[in-house]
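The values are calculated or read from the model by the stated rules, or taken from the named source; none is laboratory data. Computed from a prediction, not measured in an experiment: that's the story for all the values here. Positions of Cβ are generated from backbone atoms using ideal geometry, with glycine treated the same way; all protein chains shown enter the neighbour counts. When the accessible area is computed, the model is the full protein with side chains, heavy atoms only, and any ligands, DNA or RNA have been set aside. Shrake-Rupley method; radii C 1.70, N 1.55, O 1.52, S 1.80 Å.
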Amino acid sequence: MNGKEYILCAAWKRKEPAYGSDGTDIYLVETGYRHGDIYDRHGSDLSTETGAMGFLTSKCRFVDRKEAMRIAFEAGQVDESTAKYSESLADAINKIQYVGQKNVDVSAGDWRPLASEDLY
């Protein structure tokens, strides 16, 4: 992919690192084709913290879903219609009240969170 960082696969942070560390994030996560696959195999070992679901990049970095979308877009893995909120979608999201949360503030052109389905 022209030397650019790109998204390899879905990743989910573990409660505890596996085995050891080599300075990369690979020991901190479980990986798979989709997040559901990871959960099916490693559910009890996975973190339930906010931001625990993300992606592993070609540079062996764990990134959250929004950073993953930016990387995927810049690497040509997704197009702009997938990567960014449209004006109509942003307006619709901003009208929704989320139970237990404040209203979100999404603008047209903001990065959407990446889902593994966006890649495959």
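Sequence neighbours fewer than 8 away in the same chain don't count; with that in mind, list the lysines whose C-alpha is under 22 Å from Lys13.
Lys59, Lys66
Compare Tyr33, Tyr85, Tyr19 in a GNM of the chain, Cα atoms joined below 10 Å, and give the one with the largest fluctuation.
With Cα springs under 10 Å in the chain, the top fluctuation among Tyr33, Tyr85, Tyr19 is at Tyr19.
Between Ala92 and Ser58, what FRET efficiency comes out of the Förster formula 1/(1 + (r/R0)^6) with R0 = 25 Å and r the beta carbon distance, rounded to 0.05?
With R0 = 25 Å, the Cβ-Cβ based efficiency is 0.15.
Taking a cut-off of 13 Å between Cα atoms, list the aspartates and glutamates near Lys95, but don't count ones fewer than 8 places away on the same chain.
Straight-distance partners of Lys95: Glu87, Asp105.
What 222 nm value per residue comes from the helices of the chain, counting each DSSP H run with n ≥ 4 as -39,500 (n - 2.57) and dividing by all residues, nearest 500 deg cm²/dmol?
Calculated mean residue ellipticity at 222 nm is -7500 deg cm²/dmol.
Would you work out which of Leu8, Thr24, Thr48 lies farthest towards the positive end of the dipole of the chain, given +1 charges on the beta-carbon of Lys and Arg and -1 on that of Asp and Glu, about the Cα centre?
Ranked along the dipole, the leading option is Thr48.
What ³J(HN,Hα) values, in whole Hz, does the Karplus curve 6.51 cos²θ - 1.76 cosθ + 1.60 give for the range 30-36 when θ = phi - 60°, with x put for Gly and Pro?
With the stated coefficients, the range 30-36 comes to 10, 10, x, 5, 9, 4, x Hz.
Round to the nearest 0.05 the FRET efficiency obtained for Asp45 and Glu117 when R0 = 25 Å and r is the Cβ-Cβ distance.
0.60
Counting only heavy atoms of the protein chains, get the accessible area per residue of the chain (1.4 Å probe) and round it to a whole Å² value.
Per-residue accessible area for the chain comes out at 63 Å².
Return, ordered by residue number, the residues of the range 105-120 whose backbone nitrogen is under 17 Å from a label point located 7 Å along Cα→Cβ of Ala75.
Correct set: 112-120.
Run the accessible area of the chain with a 1.4 Å probe and give the carbon-and-sulfur part as a rounded percent.
The C+S portion of the solvent-accessible surface of the chain is 48 percent.
If you take every residue apart from Glu80 with its C-beta less than 14 Å away from the C-beta of Glu80, what net charge results, scoring Lys and Arg +1 and Asp and Glu -1?
-2
Considering only protein heavy atoms, what is the solvent-accessible area of Tyr120 at a probe of 1.4 Å, reported in Å² to the nearest 10?
100
At a probe radius of 1.4 Å, what is the per-residue accessible area of Phe73, in Å² to the nearest 10?
So the heavy atoms of Phe73 present about 60 Å² to solvent.
Can you list which of the trypsin sites (Lys or Arg not before Pro) found in the range 22-62 are DSSP loop residues with at most 15 other C-beta atoms within 10 Å?
Hits after loop and neighbour filter: Arg34, Lys59.
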